[in-house]
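First up is the structure itself, then whatever we jot down about it.
The values are calculated or read from the model by the stated rules, or taken from the named source; none is laboratory data. Bear in mind that the values here come from a model prediction, so they are computed numbers and not experimental data. With ideal geometry, Cβ positions are generated from the backbone for all residues, glycine too; neighbour counts draw on all protein chains shown. To get the accessible areas, we keep the full protein, side chains included, count just its heavy atoms, and leave off ligands, DNA and RNA. Shrake-Rupley method; radii C 1.70, N 1.55, O 1.52, S 1.80 Å.
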Amino acid sequence: MIEVIREIDAEIYAFQEIADQGDFATLLDSLDEYGGILSDFSQQQKTAFLFKRSEIDSLKLSKNHRTI
């Protein structure tokens with residue numbers, strides 16, 4: 001997945017049905033140029049976003065989301 005993200009080189013990605021927060025954190029750790037947000041809903045599977053830090057300088061977060 002890391003190779004695909006780098007090849008496409010998009011400013012933002014949206015993911016759904018993230019079942020393992022640790023796997024998402026590992027993905028983020030491997031992509032220094034990206035930041036990420038993982039929903040904090042009570043559901044087992046979450047929604048997440050990756051954003052390119054050089055293109056997006058701020059995001060407004062609701063109480064149901066947190067930055068990783």
### Query
Based on the Cα coordinates of the range 1-40, what is the per residue volume of their convex hull in Å³?
77 Å³
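Net charge within 14 Å of Gln43 by Cβ-Cβ distance, Lys/Arg positive one each and Asp/Glu negative one each, not counting Gln43 itself?
Result for the local shell: -2.
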### Task
Express the carbon and sulfur contribution to the solvent-accessible surface of the range 1-53 as a percent, rounded to the nearest whole number, probe 1.4 angstrom.
45 percent
### Task
For every other residue with a beta carbon closer than 13 angstrom to the beta carbon of Ser30, add +1 if it is Lys or Arg and -1 if Asp or Glu, then tell me the sum.
-4
